[in-house]
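Engineer: For reference, the structure I am asking about is given below.
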Amino acid sequence: MVSRQLIAGCLAASAVATVFAGTTGAAVSKPERSVVVRGVYDAATDGVRFVVWGEGGAQSALVIRDDRTGVTRRVSLGRDCSYVLVAGASHRKVLASCRGPNTWMVGDVESGQVTPVGDEHTDECEAFGQIGRYWLLGAMPCNKGGSFYRNWHTGVEQGLGPEEGELRQPYDLDTPTLSALGPRRRVFVVGSSRVLSRLSTGRKRPRYVIELRGPGSPGSKEGDLPNQQAPPLPRRRFRCSSSCEPISIAGGLALWLDRGNTQLQGYALTKHRRLTWNMPVPAHILGATNTRVYYTTPNRSNPQILADVKSFRWR
């Protein structure tokens, strides 16, 4: 029997090592933009078709908008929250925190089931920022920071790692075994079994590229290929005009900010197409669904705390 090591080695050897995608993005698109909701604390997209925000009070809930049908509905949290923070979403699951009493939970946007994922007594020392099919990415500010991973189905944890900004190992939150995604990076996001990272290439003066890497890219570890018969994905690198920031990989779209956060760059994963949009400053990019890009801008009545959710179609 041919070993998995040999198959993985042959596949890696046949891959294109790196594809450079040019120094500039595509022509700037000017899509019609629309307001989704005004005056919320935050929001998140699930990378498929839903955008979610929270409502506090005696009937606290997750508010879910389906961008395919335009229908908005509420999922009750069954508790009284001063306010509800939505930290992330993925594959129709929402990571949220009820503040006062402080509880982290995962909500299912279709069934309405709510699963607690933290202890109320330790919540102030736990913070979560990203959710996958199996794992949450969290930090423990009471323990001088550092990242950790918790399986929100079983409660199993992987220990503390380096803090954000230090060299860290990217992991695939969508795999039961928390598979590694390539080498360690300082600034990155993960999603869709890929990692989007910022690399410094300049020796005398700072120069940056955005690197997109998937399972089986050269340098990935054995066992990263979800299907050992599938060809490995090439690395793709996109030169930045200045300092740039990886944002998300979801909905078939990799997103990063460039030109002092005034320009949003995108790469369509299936069509291999570059996209570019000018963005208002300040704007916080939430991510993409299969059809739309979502972002927030400060709410005029309370710009320090509240935000307005807006979107535009990308395909």
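Nothing in this text is a laboratory measurement; each read-out follows from the coordinates by a stated rule. As the structure is a prediction and not an experimental result, all values here were calculated from the model. For neighbour counting, all protein chains shown are included, and Cβ atoms are generated from backbone atoms with ideal geometry for every residue, glycine included.
Engineer: R0 = 35 Å: FRET efficiency of ARG184 with THR115, Cβ-based, nearest 0.05?
Structural biologist: It comes out at approximately 0.65.
Engineer: ASN299: net charge of surrounding residues, Cβ under 11 Å, Lys/Arg +1, Asp/Glu -1, itself excluded?
Structural biologist: Residues close to ASN299 contribute a combined charge of +1.
Engineer: Separate question: Rounded to a whole number of µm²/s, how large is the Stokes-Einstein D of region 128-211 at 20 °C and 1.002 mPa s, given Rh as the Kirkwood radius over C-alpha pairs?
Structural biologist: 158
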